[in-house]
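Right, one structure below, let's go through it.
The values are calculated or read from the model by the stated rules, or taken from the named source; none is laboratory data. Here the structure is a predicted model, which means the values were calculated and not measured. Quick reminder, even Gly has a Cβ in these numbers, built from the backbone with ideal geometry, and neighbours come from all protein chains shown. Ligands, DNA and RNA are stripped out before the accessible areas are found, and what is left, the full protein with its side chains, is counted by its heavy atoms. Shrake-Rupley method; radii C 1.70, N 1.55, O 1.52, S 1.80 Å.
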Amino acid sequence: YIYAASTLPNYRNQGCMSQLLEFAEELGRQRGMACSVLVPATQSLFLYYGKFGYETFFYTRNVKIEKSRLKAIAFGGKGGTANISSKLLASVRTMELVEQEGNIIWGRDAVSFAKRFYRISGGNVLSAALRGNIGYAFFRKGESMGEVTELLADELTLPSLAYQILTLERCGMYHFRLPVNSPLFPEEGEMVPFGMLQYLQKDCPRYDGQRKAPYIGLELS
């Protein structure tokens with residue numbers, strides 16, 4: 001996973017990033033890794049990383065929910081708040097995503113890092129548990145709306161998570177970033193490119209990213 005790639009302005013356009021990406025590619029290949037993935041910070045960077053063999057592979061479904069609708073969803077959701085460990089969160093995430101070809105599954109250490117970093121940068125990690133079902137949401141206040149950057153839940157845990165979100169920030173609009181195949185808010189939103197992948201081994205199985213719409217999420221930033 002290529003993470004936090006950036007260059008100081010005074011050193012741009014000198015090939016520094018090109019050399020780093022090429023080195024990472026060769027190192028991954030030597031170590032027998034199947035592929036390298038990354039999440040471009042802006043849409044323009046999809047073209048930049050494409051020059052180094054990365055292809056658009058991961059997608060999300062972006063859904064916008066008005067405050068009044070979120071309040072309706074949150075009705076009766078005051079209970080169910082839970083504090084789940086990174087190990088359990090990673091387990092829940094794996095169970096939700098493992099069936100879809102191409103999805104990225106993060107281990108406990110990566111999930112723990114994402115939770116710490118998210119909280120340090122002003123976000124919140126919310127979780128709910130009801131009748132044995134567990135759901136969670138990564139939430140932060142954006143410039144103009146509340147942002148739910150990862151949400152894995154069902155009809156039992158969603159009201160509690162919605163209630164917790166409203167308790168934290170009452171925005172006029174909320175932006176939910178979901179796996180394309182999420183059962184939440186079916187047939188709503190827009191499918192957009194989110195991440196890229198580069199195959200490092202010739203015999204690595206290929207997937208049709210756009211057709212399968214794999215999910216990476218938790219880009220650890």
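Brief remarks on what is shown
- Here Lys87 clears all of (1) more than 17 Å from the chain's Cα centre (by Cα); (2) part of a loop (DSSP other than H, G, I, E, B) except the condition numbered (2).
- Given (1) crowded, with 21+ Cβ neighbours inside 10 Å; (2) at negative phi; (3) of a type outside the set (Lys, Arg); (4) touching a residue at least 60 places away in the same chain (Cβ under 8 Å), number of the condition Gly217 does not satisfy: (2)
- Search result, residues across region 164-180 that are of a type outside the set (Val, Ile, Thr) and touching a helix residue (DSSP H, G or I) at 6+ places or on another chain (Cβ under 9 Å): Gln164, Leu166, Arg170, Cys171, Gly172, Met173, Tyr174, Pro179
- Residue list for region 159-180, filter: open to solvent by 40 Å² or more (accessible area, probe 1.4 Å), under 20 Å from the mean Cα position of the chain (by Cα) and farther than 22 Å from Phe46 by Cβ: Met173
- Of all residues in region 3-60, exactly one satisfies the criterion of being surrounded by 14 or more Cβ atoms within 10 Å (Cβ to Cβ) and at positive phi, namely Gly53.
Here is a yes/no grid of residues against (1) within 25 Å of Met191 (Cα to Cα); (2) polar (S, T, N, Q); (3) in contact (Cβ under 8 Å) with a residue 40 or more places away in the chain:
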residue	(1), (2), (3)
Ala82	no, no, yes
Ile104	yes, no, yes
Val125	yes, no, no
Arg131	no, no, no
Tyr136	yes, no, yes
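- Among (1) under 27 Å from Ala213 (Cβ atoms); (2) open to solvent by 20 Å² or more (accessible area, probe 1.4 Å), the one test that Leu152 misses: (2)
- Applying the condition of being surrounded by 18 or more Cβ atoms within 10 Å (Cβ to Cβ) and of a type in the set (S, T, N, Q) to region 181-207 and asking which residue is nearest to Val37 (Cα to Cα) yields Gln198.
- Condition check for Ala72 on (1) part of a strand (DSSP E or B); (2) modelled with pLDDT of 95 or more: one failure, at (1).
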